Amino acid sequence: MLDSNDNKAIQTTRAWAGLLVVLFGDIGIALAAILVALHLKTGSEAVAILTSAFTAITAMTSAYFGIRAAANTAQSAVSAGVQSGGGQGAQGGQGDGQ
């Protein structure tokens, strides 16, 4: 079974890996959009391409941080529940029916 140090190391590695994937994806989208925009003839086409690229970057980055925040909140709630004894067990707080 994993101890808390191993679990923390795994979570840290996942967070950094996810951040790097998002970062490299953002850079790739930006570079592709800039290269395409430079080869277009009219400025309005370049603006459309760049606007779409920055929308994609914003969506991907916001999704990553939103999912990360929800995961951190859930992890904190689970940890708090485990440390405090967590809930009322299998009985679920129900009386014996009397």
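Before moving on, here are some points about what is shown:
- Gain on full extension, evaluated as 0.36 nm per residue between Thr61 and Leu40 minus their Cα-Cα distance, stands at 4.9 nm.
- As a ratio to 2.2 N^0.38 Å, the alpha-carbon radius of gyration computed for region 7-77 takes the value 1.48.
- Listed from fewest to most Cβ neighbours within 10 Å, the set Val47, Val82 follows the order Val82, Val47.
- In this label model, Arg14 and Arg68 are separated by 1.4 nm, measuring between points 7 Å along each Cα→Cβ vector.
- Computed from label points 7 Å out along Cα-Cβ, the spacing between Ser79 and Ala30 is 3.1 nm.
- Sequence-ordered 3J(HN,Hα) estimates for region 72-80 from the Karplus curve with 6.51, -1.76 and 1.60 and θ = phi - 60° stand at 5, 5, 5, 5, 5, 5, 5, 4, 5 Hz, glycine and proline given as x.
- Of Lys41, Lys8, the sequence from fewest to most neighbouring Cβ atoms within 10 angstrom is Lys41, Lys8.
Only the coordinates and a few stated rules stand behind these numbers; no lab work does. Computed from a predicted model, the values in this text were never measured in an experiment. Positions of Cβ are generated from backbone atoms using ideal geometry, with glycine treated the same way; all protein chains shown enter the neighbour counts.
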